[in-house]
Structures are given as C-alpha cells and as structure tokens.
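Worksheet for the structure shown next.
The values are calculated or read from the model by the stated rules, or taken from the named source; none is laboratory data. The model shown is predicted, which means the values in this text are computed figures rather than measured ones. Quick reminder, even Gly has a Cβ in these numbers, built from the backbone with ideal geometry, and neighbours come from all protein chains shown.
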Amino acid sequence: MPRRTVLVTGVSGFVGPHLARALVASGARVLGLGVEPAPPAGVPLEGWHAADLREPAAVARAVALAKPDAVVHLAGQSSAARSFEDPAGTFETNVTGTRNLLEAARAGAPQARLLVVGSSEVYGPQPEGSRAGEETPFAPVSPYAASKAEADRLAEVSAQGEQGLDVVRVRAFSHTGPGQSPTFVVPAFAQQIAAIEAGRADAVLRVGNLEVMRDFSDVRDVVRAYLALLERGVRGVAYNVCRGEGVKLTEVVRRLVALARVAIRVEVDPARLRPADIPWLVGDPARIARDTGWRAEIPLERTLADVLEEWRRRGA
C-alpha cells in the first residue's frame, strides 16, 4: 500500500515541526508549503513547495504538484496582539489564504482530507464556569479572532453539497510547549526566568493580565489530536481541541516561579496588557473524545518544566 502524502502549510511555525515528526512516525510522507524559498532546517520533509497563500495561482500550482492525500492548514497570522496593528494583513493572510487553499484543493486534490486549523478565540468571552462547545456562537473580540471565524465559515461552506470537500475544522484552544515563540505567554515567562537564573536580568518577572482563565494543552497532545482527526474526524464537522479544564495565568506563573532556581518577584508591566482580552475561555472536548478517542494526557506541570528547560538550554 502506498504511503499517504500529507501537505502541511505553516510547517515552519510552532506546531508544524511537532506535527511533521508525528506524521513521519505514523508512516506518512510529509511535504511542506510556505513562503520561504527553502524548507526549515531540522523538519523531516520529503518535499517543499514555496508559495504565498495569498497568491491563488501559486497555491494552485503547489497543490497540483504535491498531489496530497491530506492537507493540514496551520499557516496564518497567529497573534491577536499583532492583529490590532495590522487587521487588513491579518485578514488577507488568514481568510484569503484559507480560501485560496480550499480552492486549490478543489481543483488539484478534490479527494484529499483537509484539516483547517482555527482558534478557540472565535468564541470570545464566555460565562465564568462554562465550557464552550462547538455550537457556541462566535463572538470574536480581536481582528485575529474575527479572521479565524471567517476562515472557519469558509471551510464549513466548502464541505457542503455533493461536490463538497472532505474538510474537518479544528478550534484549537491554548497550547504551548517546546519550540513556541516568546511572543506567547508561557515561553515569554520561561525566557525571563531563564535570563534571571543566568544573572542577565533583575529578579523580576514582568507580566500582563494574569486574571484570565485559559484551557492549556501540550503541543505534543495537540498534534496527536490532529492525527486522530485526519483518521477519524467526521467530514464537515468542527472539533474543539482542548483539555476541558481551565487554569488562571496567576497559577501558571506561580508554578513557573516555583520551578525557578532563584527567588523571583512578579510585577505587572502595562506594555504587556492586550488591547482586548477574554477573561474566561475553557473548552468542551466531548465531541473529539467521542469521535476519535483522543484526550489531553500530558500534565501542565510537565509542559511548563519542558518549556523552562528549553529556555535554559538556549541561554535565554
């Protein structure tokens, strides 16, 4: 039986290398698609297609050449904070890019399974104590979240009708782990702690709003979810990928500071406060558990320790 070929967009980002390694371990042949002229170093790819998702002809050529059995769409502008600075660019990348990929698949790989990865931020602020399910109405509070909501709807429409694509939508809740940029909250804290331990910074951890509740999973669990959805997700259906348990950022900071090798003081830095924030966002993973058997397994304590150790090795 020939090996399955999986085309991954955004493979040079945070999740992409983890996903590529997991796909290879499953026996797949993995190809990458990105704007860079060459593939990222250290990622186990068997081919690379240089294309800007905002350019429909380039994307169509890449998909036609790749002839994938499956596509995982990770690429996008992923920072809510940055989306306030460049809302038009965020929409062009996240909405137009997704539309171009869907149309390229319709023309060049109409039988392929497409996993379109979106964000839990589409749900917006939720009542304290609640868990957002896939039927929860969208209420985005940032240009980033609005762009992801629109991309989700495009993917939903593309799966409809007799000629619909084999699309599965993902709404990924917060996830972290080794390899994540310090523009995101957990590695930002870990980078600071590692620098403090090394004597390169004052013993002060500077933070933003810590009174928000988030549903954190480990990136390594998340890529297992993506593999499970490629195999067992139901065509046209949306899935939350989440632990189903909330943790306040105050608790995340407390645990990281407890792992530090020196005493650290915590201070709020006004520059780290987001223009719009979501006080409570916890997900309901019942659907993905029912359809695929997946659940988050790696405890948050291990994830935080691994991220901090990575920044120690990197010298912060």
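Of VAL234, VAL262, VAL257, VAL253, all but one fail to be touching a residue at least 60 places away in the same chain (Cβ under 8 Å), under 30 Å from GLU85 (Cα atoms) and not in a strand (DSSP E or B); the exception is VAL253. Looking across the stretch 262-282, the residues that are of a type outside the set (D, E, K, R) and over 25 Å from GLY133 (Cα atoms) come down to VAL262, ALA263, ILE264, VAL266, VAL268, PRO270, ALA271, LEU273, PRO275. Beta carbons closer than 9 Å, at least 6 apart along the sequence or on distinct chains, pair a first residue in the stretch 119-145 that is more than 22 Å from GLN77 (Cβ to Cβ) with a second that is in a loop (DSSP other than H, G, I, E, B) and of a type in the set (Phe, Trp, Tyr) for ALA132/PHE173. Of LEU65, LEU23, LEU19, all but one fail to be out of contact with any Lys or Arg (no Cβ under 8 Å at 6 or more places or on another chain), surrounded by fewer than 20 Cβ atoms within 10 Å (Cβ to Cβ) and in a helix (DSSP H, G or I); the exception is LEU65. Within the stretch 90-149, restricting attention to residues that are part of a helix (DSSP H, G or I), of a type in the set (D, E, K, R) and out of contact with any Gly (no Cβ under 7 Å at 6 or more places or on another chain), the residue that is farthest from ARG214 (Cα to Cα) is ARG106. Give the residues of the stretch 265-293 that are assigned to a loop (DSSP other than H, G, I, E, B) and within 26 Å of VAL141 (Cβ to Cβ), sorted by residue number. Of everything in the stretch 265-293, those that are assigned to a loop (DSSP other than H, G, I, E, B) and within 26 Å of VAL141 (Cβ to Cβ) turn out to be ASP269, LEU273, ARG274, PRO275, ALA276, ASP277, ILE278, PRO279, VAL282, ASP284, PRO285.
Name the single residue, out of those in the stretch 26-35 being surrounded by 13 or more Cβ atoms within 10 Å (Cβ to Cβ) and in a loop (DSSP other than H, G, I, E, B), that is nearest to the chain's Cα centre (by Cα).
Among residues in the stretch 26-35 that are surrounded by 13 or more Cβ atoms within 10 Å (Cβ to Cβ) and in a loop (DSSP other than H, G, I, E, B), the one nearest to the chain's Cα centre (by Cα) is VAL35.
Could you give me the residue pairs with C-beta distances under 6 Å whose first residue belongs to the stretch 9-36 and is assigned by TED's automatic domain parsing to the domain that holds ALA104, whose second residue is of a type in the set (Gly, Ala, Ser) and in a strand (DSSP E or B) wherever it lies, and which are 6+ apart or on separate chains? From the stretch 9-36, the pairs are VAL11/GLY32; SER12/GLY34; LEU31/GLY47.
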